[in-house]
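For reference, the structure is listed below as structure tokens.
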Amino acid sequence: MIRPALPYLLAAVLAGLGVYGILARRHAVLVLIGVELVLGAAGLVLVTVAQTGAAGDPGAAVLTLFVITIAAAEVVLALAVLLALFRARGHVDLHAELDAHGEEEVRGRA
Amino acid sequence: MSGLDVLFVAVGLVTAGAAALSVTSRQVLHAALWLVVALGGLAGCYLVLGAELVALVQLLVYVGAVVVLVLFALMLTRAGGVPVVTGVPQRVAAALVGAGTTVLLGGALLSAFGWGRVPIDGGGSTEVAATIFGTDVWPFELLSALLLMALVAAVAVARAPVGGQDDPSQRPDPPADVEAVQGERP
């Protein structure tokens, strides 16, 4: 016997932390870490439904395996995009251009 | 609280704490290593929930492959002095959005599933295997094509010319060579 509320609460906390990581980071790899946490939360909800649902259907567990595999493919492509970004600009700072535009606007007003 | 509840709370606290550190740490490498702890703790949660196969796949694919890729990304894009966190206003806004996500998702899930206790009666590995190779066999086979396409696309994207300029030194071999090679065949 287990309370399924506990895994659901943990999934909600993980999703919130992941959203915070996506929004509050400016290093591209750290944004990717936030995405991984959100995907982990989705997997936890799926596994909890599979293990505590009334139907006893293993389809949700299979879906979790699919999510994990697709996440691996996603990270491979994200790494390639990051490498292309680094070769083109010399950094992976997602806010560098925003900062540059902001400074230009300040200079234009002054 | 039953023993499983206590076990899950312990593993879940480790997972949540490591996740919080991985999104707040100012050291890029520390954040990646805390992600290892968080994803390993998530595998522990799957074990407590009785999904052994998913837990092992999580350990193999996430901790074994995804985190290694993240570490590779950190190693290959190393540039000293890259700022890691945004300004205070954006962090406050991000914390508000994250807390809102937690409250919304947690409230929806708790109101849907309640606070009661249920037995763990998910299918074992036999049922999962029967589903993978029975009902879901086509998605399963398509996943291998997806992984292959991701691999090829990653190589293509990573080798693309920088900044959209067609640098002759990075251009692939001209097609004349290919025709010449093919022309030699009978």
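Please treat every number below as a calculation from the coordinates, not as lab data. Since the model is a prediction, treat every value here as computed from it, not as a measurement. Methodologically, a virtual Cβ is constructed for each residue, glycine included, from the backbone with ideal geometry; neighbour enumeration extends over all protein chains shown.
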Percent relative contact order of region A:18-110, based on C-alpha pairs within less than 8 angstrom and at least six residues apart? 27
Between the alpha carbon centres of region A:21-62 and region B:131-153 the gap in Å comes to 20
C-alpha long axis of helix A:5-24 to longest principal axis of chain A, angle in °: 10
Sort B:103, B:67 so that the residue with the fewest other Cβ atoms within 10 Å of its own Cβ comes first and the one with the most comes last. B:103, B:67
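Using just the alpha carbons, could you tell me how many Å³ per residue the convex hull of the protein assembly as shown encloses? Each step should come with its number before you reach the end.
On the way: hull volume 49.0 nm³, N = 296.
Expressed per residue, the convex hull around the Cα atoms of the protein assembly as shown is 165 Å³.
Can you give the charge dipole size of the protein assembly as shown about its Cα centre, rounded to the nearest 20 debye, using +1 on the beta carbon of Lys and Arg and -1 on the beta carbon of Asp and Glu?
Values: 14 positive and 21 negative charges, 190 e Å.
Rounded to the nearest 20 debye, it is 920 debye.
What ranking of A:105, B:127 emerges when the number of other C-beta atoms within 10 Å of each C-beta is taken as an exposure proxy, fewest first? Can you show the working numbers first?
Values: A:105 10, B:127 18.
Least to most surrounded, the residues fall as A:105, B:127.
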In Hz, Karplus ³J(HN,Hα) per residue of region B:96-107 (6.51, -1.76, 1.60; θ = phi - 60°; x = Gly, Pro): 5, 5, x, 5, x, 4, 4, 5, 5, 5, x, x
Principal axis box of region B:122-161, alpha-carbon based, largest edge first, Å: 49, 17, 9
